[in-house]
Amino acid sequence: MEHQEGRQQGGVPAIADGGGFTQDGSVDLKGRPVLRSQRGGWRACSFIVGYEVFERWAYHGISSNLILYLTTQLHQGTVTASNNVTTWVGTVWMTPILGAYVADAFLGRYWTFAIASIIYLSGMSLLTLAVSISPLKPPSCHDHASNCKHATPLQVGVFFLALYIVALGTGGTKPNISTMGADQFDDFEPRERKQKLSFFNWWMFSIFFGTLFANTFLIYIQDNVGWSLGYGLPTVGLALSILVFLIGTPFYRHKRPAGSPFAKMAMVLVAAARKWKEPLPRDPKELHELDDGEYARRGKFTMESTSSLGFLNKAAVRNGPTTRWRLCPVTQVEETKQMLKMIPIFFASFFPSTVIAQSHTLFIKQGITLDRSMGPHFKIPPASLTAFVTLSMLISLIVYDRWLVPKVRKYTKNPRGITLLQRMGIGLVMQTIILVIACSVERIRLSYVKHYGLQSSKEAIPLTIFILLPQFALMGLADAFVEVAKIEFFYDQAPETMKSLGASYFTSSIGVGNFFSSFLLRAVSEVTENNGHGGWVRNNLNVSRLDYYYGLLVVLSVVNFIYFLIVSKHYVYRVEAVGIDVALDKSSEMKIIKASALEGAVGDVEQ
């Protein structure tokens, strides 16, 4: 069972009627209050969503087919190339921690994004040059890889330098563009609050719409026309996406930088540690807190002291010096608690990203070995099957947002239909089912290899590539649950002053998952090869045992799901977010909070 934590909303302006100035502390680029009618809402989000369509086109124009470029152009082995892909993707999703820090502490989301997008575009431009100019691109080869002339260290170095410049640029764009989109809706205005509930569904829709184009048209260009045009087009797409974003500048709402979230959390931890011998007062109101008017001016919620992680409450005990590293207000303590309480869920989100990373690279490598013919003159690019992930995701998001949520809401009385963690859990179950299917399909593929004696042959196995279609399609359905739930959960549950850091939890979970993917693949390959099993994952998939490897992933997925059930059962939601959601659901007649006279009590909100 999931819980919600009791929390007051003192120091917050009353919910407005939809007119006048925004009440969530949003401002324009010059720091002036903004009129709700002139900025924000879906009008502003249309530019942000438009940016994401083109940006996804650019990013997936690289990542979707990178495994093939490394193996066919740089002549790397399966394990090495797969690990290089997942390591780079992991870096792409880890650098947002830095971007979130800079945005929250110094520059704000808009300027951090603008600067990072220039870095991103420069990396894409260098990458295009690296595959286009003769001195920088590897020599062409139409023979077996063993007889090809390998790329020079300079050529390899420039290519990977460009990749990691892209990774640095995405560090400032990924955590800030999605949070900036959510910032366009005022939590204190009922209509906008309800619109915000659908934002992340449509945000992910835009991501996968751009991805669909990359996984079809761009992959075909790369495989059949050339890498120069295949990378040049997404570079142009990225430039267009930045232009779309900048055009929308007059319509955006902005949140002021609130100071380093890491420093705020560190202050609480240090202050609590220094007072570990101090007794807590019986009345939580005796703890240090700022005036309600201070929070009202910032458009923030005042947060009531709670008993969870009670040791940290000592940071607010009034005793001794009153410097920031010795005395922290209750709201700051509760914000720190909220970020810390998400960490167990954060750990549970690693493995889903590992499954996605492993599935993407290995499914494509399997596709290379299968019959890809469609007519006498056309072969399906293996990476194009990822388009079915995208199509499935797009359809699932529409059905979920427009049909499933309204239907389920009638029974659960939850504006979201089901809770975010329930949605994530459903996705985890689906991922486990996908791995079971992948294991079964691989056993069928290997049976064809054995029957036709193709263990050492480079000929296509007489088995259609469409046998992989069910697992690709189901992956999109699973993503509609687990990935959307992840990004919305970490944003929604983060305190108002730490939204970018909350978004970086989502991106970092993908990064760590990809790093773990590299480690797991390398470890399994080495251990199974050194113990006389021939290696479960080898350069030649026809003599590998990917079915065993998928079986291992099934076991790890089940273990992770059990861990997820345990931590989600004890997770305590932010009640201010849940409470407003429920209050705005006009059809709901349930109570928001069961009032408790006990000080610092933690109550359940029944959904």
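Structure values in brief
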{"item": "Matching residues in segment 335-350 - criterion: being among the polar types (S, T, N, Q) and in a helix (DSSP H, G or I)", "result": "Thr336, Gln338"}
{"item": "Breaking point among (1) surrounded by 16 or more Cβ atoms within 10 Å (Cβ to Cβ); (2) farther than 18 Å from Tyr549 by Cα; (3) in contact (Cβ under 8 Å) with a residue 24 or more places away in the chain, for Ser456", "result": "(1)"}
{"item": "Residue count for segment 209-226, restricted to those that are open to solvent by less than 30 Å² (accessible area, probe 1.4 Å) and in a helix (DSSP H, G or I)", "result": "8"}
{"item": "Qualifying residue in segment 529-539 (condition: at pLDDT 60 or above, farther than 21 Å from Glu442 by Cα, out of contact with any His (no Cβ under 9 Å at 6 or more places or on another chain) and open to solvent by less than 20 Å² (accessible area, probe 1.4 Å))", "result": "no"}
{"item": "Residue match in segment 185-200 (condition: of a type in the set (Lys, Arg), surrounded by fewer than 19 Cβ atoms within 10 Å (Cβ to Cβ) and part of a helix (DSSP H, G or I))", "result": "yes"}
{"item": "Looking only at segment 227-273, and only at residues there that are among the aromatic types (Phe, Trp, Tyr) and under 30 Å from Phe21 (Cβ atoms), the one that is most open to solvent (accessible area, probe 1.4 Å)", "result": "Phe251"}
{"item": "Residues (surrounded by fewer than 19 Cβ atoms within 10 Å (Cβ to Cβ) and of a type in the set (A, V, I, L, M, F, W, C)) located in segment 392-417", "result": "Ile395, Ile398, Val399, Trp403, Leu404, Val408"}
{"item": "Filter result for Val441 (in a helix (DSSP H, G or I), closer than 20 Å to Leu552 by Cβ, open to solvent by 60 Å² or more (accessible area, probe 1.4 Å) and in contact (Cβ under 8 Å) with a residue 24 or more places away in the chain)", "result": "no"}
{"item": "Selection count, segment 40-69, where residues are open to solvent by 20 Å² or more (accessible area, probe 1.4 Å) and in contact with a Leu (Cβ under 6 Å, 6 or more places away or on another chain)", "result": "1"}
{"item": "Options Val355, Val330, Val429, Val399; residue that is of a type outside the set (D, E, K, R) and within 30 Å of Pro284 (Cβ to Cβ)", "result": "Val330"}
{"item": "Residue count for segment 451-489, restricted to those that are of a type in the set (Val, Ile, Thr) and either within 30 Å of Lys174 (Cβ to Cβ) or touching a Ser or Thr at 6+ places or on another chain (Cβ under 6 Å) (or both)", "result": "4"}
{"item": "Segment 453-485, subset of a type in the set (Gly, Ala, Ser) and either under 21 Å from Ser359 (Cβ atoms) or modelled with pLDDT of 90 or more (or both), residue nearest to the chain's Cα centre (by Cα)", "result": "Ala485"}
{"item": "Matching residues, segment 107-149, being among the hydrophobic types (A, V, I, L, M, F, W, C), assigned to a helix (DSSP H, G or I) and modelled with pLDDT under 85", "result": "Ala145"}
{"item": "Hits in segment 70-100 (condition: under 13 Å from Lys174 (Cβ atoms), touching a Leu at 6+ places or on another chain (Cβ under 9 Å) and open to solvent by 10 Å² or more (accessible area, probe 1.4 Å))", "result": "Val89, Thr91, Thr95, Ile97, Leu98"}
{"item": "Some residue of segment 361-371 being under 24 Å from Asn84 (Cβ atoms) and touching a strand residue (DSSP E or B) at 6+ places or on another chain (Cβ under 6 Å)", "result": "yes"}
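The values are calculated or read from the model by the stated rules, or taken from the named source; none is laboratory data. Not measured: the values here are computed from a predicted model. Using ideal geometry, Cβ is built from the backbone for each residue, glycine included, and neighbour counts are taken over all protein chains shown. Protein only, heavy atoms only, side chains kept; ligands, DNA and RNA dropped before computing areas. Shrake-Rupley method; radii C 1.70, N 1.55, O 1.52, S 1.80 Å.
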